[in-house]
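Everything on this sheet refers to the single structure shown next.
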Amino acid sequence: MEMNVNMAARMNMIRFFWHFEKEEAWLEKMALEGWRLIGVSGWGSYTFEKMTPQPLTYKIDFRQFSDPKAKSDYLALFEDSGWRCAAANVGGYNYYFYTPSSGAPKDIFSDEDSERQRHQRYAAYIGSSTLIAFLPLVTVFISGLTNPPEMSYLTPGLWQMQGWEFVAHFLFETPFVIMRTSVYWLPVLLLLAGLGTCLYYYRSYKNGRRRA
């Protein structure tokens, strides 16, 4: 999904990524087109600044800091190594680094194990956030404070209708059935998506990947 908001000295774009590597490749493509990343929100919104087109290498790390000094030291370490922090994900913990120098290292990770640790941190964050977010919902369901809505079609004699009469009534009522039941199945889908993301990055951590 992509949406351009403002084509001026700055530009906002909305994109969603499943893989760190694909996100990095997209940012490098934007640099070749003359756009440098300067901001990221927690909802897939990227802010770019116009620049002279040039090759930049982007790398993304995932970190959580409770100590401001530890965060400052972390950023200073990358700065000393030739990497600039383009943006930190507002509302998240992704840090976006880039380097314009051909002499700088082409990766922020010293080896495969350190890169796998990023996946472990991300999997733990997604898993815990998903469970915490859905704990109140599970409590409500178990307590019996709410009951599932009527999931059937309510048009009298619908299933005895034939031909276009059946098709017309069925199509008319279907959106209402979906809205009536979405309060139950939509949270389940979101829960499965969160757990699926957690499992994907945990497996990436356990199995590693072949580095270029």
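Where a number appears in this text, it was derived from the coordinates with a stated rule and is not lab data. The shown structure was predicted, so the numbers you read here are calculated from the model rather than taken from an experiment. Please note: Cβ atoms are built from the backbone with ideal geometry, for glycine as well, and neighbour counts cover all protein chains shown.
Past 24 Å, Cα to Cα: identify those pairs from 50/71; 29/71; 22/206; 29/106, in the order given.
Numbers: 50/71 28 Å; 29/71 28 Å; 22/206 20 Å; 29/106 16 Å.
Among 50/71; 29/71; 22/206; 29/106, the Cα-Cα distance tops 24 Å for 50/71; 29/71.
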*Which FRET efficiency, nearest 0.05, do residue 189 and residue 88 yield, Cβ-Cβ r, R0 25 Å?*
0.25
*asked:* Taking the number of other C-beta atoms within 10 Å as the exposure measure, put 19, 119 in order starting with the fewest.
replied: 19, 119
*asked:* With 10 angstrom as the radius, rank 174, 52, 197 by how many other C-beta atoms surround their C-beta, starting from the fewest.
replied: 52, 174, 197
*Does region 10-108 come out rounded, prolate or oblate by the C-alpha gyration tensor, with a ≥ b ≥ c the root eigenvalues, rounded set by a/c under 1.5 and, if not, prolate when a/b is larger than b/c and oblate if not?*
oblate
_Based only on other Cβ atoms within 10 Å, what is the fewest-to-most ordering of 121, 36?_
121, 36
